[in-house]
Amino acid sequence: MNMIDVTVPLLDLKAQYATIRHEIEPAVQEVLETQIFIGGPKVAALESRCAEYLGMPHAVGCSNGSDAIILALDALGIGPGDEVIVPTFTFFSTAGSVSRVGATPIFADIDPATYQIDPASIRAALAARPEGAVKAIIPVHLFGQACDLDAIMAIAREHDLKVIEDAAQAIGTEDVHGRRVGSVGDLGTYSFFPSKNLGGYGDGGLCATNDAEIAERMQRFRNHGMKPKYFHHDVGLNSRLDALQAAILLVKIEHLDAWSDARQANARFYDAAFAAAGAATSAVSLDEGGLPLRTPQPAAAGARHIYNQYVIRVPSAQRDEIRRILTEAKIGTEIYYPRCLHQQDCYRELGRRFGYQAGAFPHSERAAGEVIAIPIYPEVTEAQQQHVVDTLLAAVRS
Ligand SMILES: *Cc1c(COP(=O)(O)O)cnc(C)c1O
């Protein structure tokens, strides 16, 4: 085979910037001329644009997606002594934010086909805790795909639990009923970290809700619990969104649907190319043989998957070597996530308390050993994708 000289980074923000530079630069310039950097009209405009986009009346900007979860927990009155169910296969801050408010994360496993929190595992976690100890669930819409909100909301109603949807990777994702995620539970939290589908040029985050009272509390908490100025209702934090980020995000949000459509088209390209080579989806375990590569489960009918990541599975014993071959071919990859949260050093004490030994969450632990994210960003070209496909197929067959 010919060595083609194609570089394919995991994410190419420079390629995206080249397409919107002419809109970004005047927007930034405008903020510089006003010298209003904290709050102000740009932040207010972004909040109302996000509320409209997400289909909720209230959106509250904050410093990052991790703080968004902290503000949500604070606004729902969750703190020391309370327990919150989270998936063990997610980015750290889903659980870290629970710990930061003094509450205790209780882990649940995932569905191996979709990587989303498994409702049956939520029920098992609840059954193992004293009645009333668990106050909330934080389902994560991982990789841009909706989790099973019907089942999760049914559990929440039965046990009187709050639901915070961690939609950091899922702005604009819709579930099987066409509901934008974040709007189904008590509130949704979002991140504008640069690698998310709607990324700023720095940190940023947002909470959105249908509930006016929750929104008001979050507005207060993000600014030292202060209302009016210098009078403090609660001990809040400094977690404000800044005007430069808001101005940039106001430009970018108008492109978001086109970018998400492009990601979907790129996913279809990979799905078709790998299926033609004999790859099954991750609904089929690697134990069942065939080509040792699994593609992501496509979104269920009616749902909208925005592909923040396109995550394949390969046998864990081959993963390092496959990544090495991809790196050599100048293809960027990442492991989201190599270690489950119940196995992190900082949660060793929790593990002892709740018996989270190795094997406690088999589907999550297995995924942590098998997954690889490959380039899916909107600007990736067909030639670049073909290079990824050819290189990967050669690697898994070798
Ligand atoms: C990125 C992310 C967060 C945190 O967002 P930051 O803005 O980086 O703090 C939380 N949860 C998930 C699932 C994420 O992917």
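Close amide-amide hydrogen proximity is noted between Leu187 and Val163, Glu165, each under 5 Å apart and 5 or more residues distant or on a separate chain (H modeled in the peptide plane; Pro and chain starts excluded). So, with a 1.4 angstrom probe, what is the percent of accessible area on the chain that is carbon and sulfur? In the chain, the share of accessible area belonging to carbon and sulfur is 53 percent. Legend: calculated FRET efficiency, Ser398 to His232, from the Cβ-Cβ distance at R0 = 51 Å, rounded to 0.05, equals 0.20. Label region 155-212 by shape, choosing from rounded, prolate and oblate, from the square roots a ≥ b ≥ c of the eigenvalues of the Cα gyration tensor; if a/c is under 1.5 it is rounded, and otherwise prolate applies when a/b is larger than b/c, oblate when it is not. Prolate. Rounded to whole numbers, the Karplus 3J(HN,Hα) couplings from phi for region 129-142 are 10, x, 3, x, 6, 7, 10, 7, 10, 10, x, 10, 8, 6 Hz, using 6.51 cos²θ - 1.76 cosθ + 1.60 with θ = phi - 60°, and x at Gly and Pro. With a threshold of 20 Å on the Cα-Cα distance, the over-threshold entries among Lys14/Lys330; Lys196/Lys252; Lys227/Lys252; Lys14/Lys252 are Lys227/Lys252. The charge dipole of the chain, taken about the Cα centre with unit charges on the Cβ atoms of Lys, Arg (+1) and Asp, Glu (-1), comes to about 520 debye, rounded to the nearest 20. Highest mean packing first, where packing is the average number of other Cβ atoms within 10 Å per residue, the peptides 84-95, 157-168 line up as 84-95, 157-168.
For the chain, the per residue solvent-accessible surface stands at 41 Å², with DNA, RNA and ligands left out and a 1.4 Å probe. Ordered from highest to lowest accessible area with the whole protein assembly present and a 1.4 Å probe, Ser364, Ser183 read as Ser183, Ser364.
When the chymotrypsin sites (Phe, Trp or Tyr not before Pro) in region 192-247 are filtered for DSSP coil states and for at most 10 other beta-carbon atoms within 10 Å of their beta-carbon, the remaining sites are Tyr230, Phe231. Using the Cβ of Ala44 as centre and a radius below 14 Å, the other residues enclosed give a net charge of +1, where K and R count +1 and D and E count -1. Database remark: amide H of Asp242 closer than 5 angstrom to no amide H (H placed geometrically; neighbours at sequence offset of 5 or more, or on other chains; Pro and chain starts carry no H). Each of Tyr270, Cys346, Ile155 was placed along the dipole of the chain (beta-carbon charges, centred on the mean Cα), and the one lying farthest toward the positive end is Cys346. For the chain, the square roots a ≥ b ≥ c of the C-alpha gyration tensor eigenvalues yield an a/c of 1.5 or more together with a/b not exceeding b/c, which makes the shape oblate. With a cut-off of 8 Å between alpha carbons and a minimum separation of six or more residues, what is the relative contact order of the chain in percent? That works out to 22 percent. What shape does region 253-398 take by its C-alpha gyration tensor, where a ≥ b ≥ c are the square roots of the eigenvalues and a/c under 1.5 counts as rounded, a/b above b/c as prolate, and the rest as oblate? Prolate shape, in that a/c is at least 1.5 and a/b is the bigger ratio.
The values are calculated or read from the model by the stated rules, or taken from the named source; none is laboratory data. Quick caveat: nothing in here was measured; it's all calculated off a predicted structure. In this analysis, Cβ positions are derived from the backbone assuming ideal geometry, glycine residues included, and neighbour counts consider all displayed protein chains. To get the accessible areas, we keep the full protein, side chains included, count just its heavy atoms, and leave off ligands, DNA and RNA. Shrake-Rupley method; radii C 1.70, N 1.55, O 1.52, S 1.80 Å.
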